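> One structure, as structure tokens, below. Some questions next.
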């Protein structure tokens, strides 16, 4: 995954120490004694050309993400974790997805303040590391659990009898624990590596500035293939098979094709693929295209500026996934949809009755 590759960025500290030693010995800067290397571009290139615009746009965007995500995922956890709720494999995966999104939103206030201050992190190195760990944990836990939901729907519709054991509650809980263990093992190195950088006028957090080395390009490309392309391919395979099954069923039995379960399955297919396409694809495609180009050419300062700007935009799109997940729950779980609609109708009726009481009291006076 990208988290392990990101931890390799700390090796740049050794380069800076070597440069300082060379300057003390020769009285010259490294640029004066040797040709420009891969990292020298970063040292002289100011990539934060969009800072003033970002101070306005990103705080507003992340405030909206925070409000929608907290409201939606809290509602999911409150409804699905009730004792009366019957647990199945899909529900357990969705609960874990909601937990991941809720934990992620806890890190957003710090990022909002960071952007308001113009890419200046005031909370110290440890909280910066913790924020990075939470961010990448949410990203790849979300991808993993969405993949699990896809495989679960595939097994339920095409191999119900043969793979029934794989969908038992105990097995599914074990799979969820395994996902969390793998994700935390992948992201825990971020707690031991410096993710905060000191610049001339501010302290940046999670702005990894050494993406331009040849070795890093190979690592990032491999990480994107394992952490994104493989799950996406698996989801596309599962849901293409499910769609073919639904189409075949519709031709053989039109009554069955109009059932609620088939409709929910189709909606889940559309929404999960939409979530991957809108949220996760732009970020990983951006990283992969830069890595491939780096294998053939050393990036210029202009290339790095474009990369940094596009990363900020695609990262924000990826974070928007925590707002889309509750919509997937709405169409995936029949009981959840019924409870949400019931709460909505109750709220409307209470509001209408209170309004009528106020009107009656005002007319009497």
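The values are calculated or read from the model by the stated rules, or taken from the named source; none is laboratory data. Predicted, not measured: the structure shown is a model, and the values here were computed from it. Reconstructed Cβ throughout: ideal geometry from the backbone, glycine too, with neighbour counts over all protein chains shown.
> Among 71, 44, 29, which is surrounded by fewer than 19 Cβ atoms within 10 Å (Cβ to Cβ) and at pLDDT below 50?
Working: 71 fails: at pLDDT below 50; 44 fails: at pLDDT below 50.
Exactly one residue qualifies, and that residue is 29.
> Only residues that are part of a helix (DSSP H, G or I) and surrounded by fewer than 17 Cβ atoms within 10 Å (Cβ to Cβ): list them for region 284-304, please.
Pass one, region 284-304, residues part of a helix (DSSP H, G or I): 284-294, 301-304.
Once the filter is applied, which keeps residues that are part of a helix (DSSP H, G or I) and surrounded by fewer than 17 Cβ atoms within 10 Å (Cβ to Cβ), region 284-304 yields 285, 289, 292, 293, 301, 302.
> Hey, can you tell me all the residues within region 205-219 that are surrounded by fewer than 19 Cβ atoms within 10 Å (Cβ to Cβ) and at pLDDT 85 or above?
218
> Which condition does residue 110 not pass, out of (1) touching a helix residue (DSSP H, G or I) at 6+ places or on another chain (Cβ under 9 Å); (2) touching a residue at least 40 places away in the same chain (Cβ under 8 Å), if it passes all the others?
Going through the list (1) touching a helix residue (DSSP H, G or I) at 6+ places or on another chain (Cβ under 9 Å); (2) touching a residue at least 40 places away in the same chain (Cβ under 8 Å), residue 110 breaks only (2).
> Now, a different point. Select, from 270, 307, the only residue that is in a helix (DSSP H, G or I), more than 27 Å from residue 214 (Cα to Cα) and modelled with pLDDT of 70 or more.
Details: 307 fails: more than 27 Å from residue 214 (Cα to Cα).
None of the others qualify; the one that does is 270.
> Return the residue satisfying two criteria in turn: it lies in region 67-89 and is out of contact with any helix residue (DSSP H, G or I) (no Cβ under 6 Å at 6 or more places or on another chain) and either in a helix (DSSP H, G or I) or without any contact (Cβ under 8 Å) to a residue 12 or more places away in the chain (or both), and of such residues it is nearest to residue 131 (Cα to Cα).
67
> Residues that are surrounded by 15 or more Cβ atoms within 10 Å (Cβ to Cβ) and under 16 Å from the mean Cα position of the chain (by Cα): which helices (runs of 4 or more DSSP H) entirely in region 92-189 hold 3 or more of them? Show your work before the answer.
Numbers: elements: 108-116, 125-158, 169-187.
Because the criterion is at least 3 residues that are surrounded by 15 or more Cβ atoms within 10 Å (Cβ to Cβ) and under 16 Å from the mean Cα position of the chain (by Cα), the helices (runs of 4 or more DSSP H) in region 92-189 that meet it are 125-158, 169-187.
> I would also like to ask the following. Does at least one position in region 133-151 carry a residue that is more than 23 Å from residue 277 (Cα to Cα) and either modelled with pLDDT under 90 or out of contact with any strand residue (DSSP E or B) (no Cβ under 6 Å at 6 or more places or on another chain) (or both)?
Initial filter on region 133-151 (more than 23 Å from residue 277 (Cα to Cα)): 133.
From what is left, the residues that are either modelled with pLDDT under 90 or out of contact with any strand residue (DSSP E or B) (no Cβ under 6 Å at 6 or more places or on another chain) (or both) are 133.
Taking every residue of region 133-151 in turn, at least one turns out to be more than 23 Å from residue 277 (Cα to Cα) and either modelled with pLDDT under 90 or out of contact with any strand residue (DSSP E or B) (no Cβ under 6 Å at 6 or more places or on another chain) (or both).
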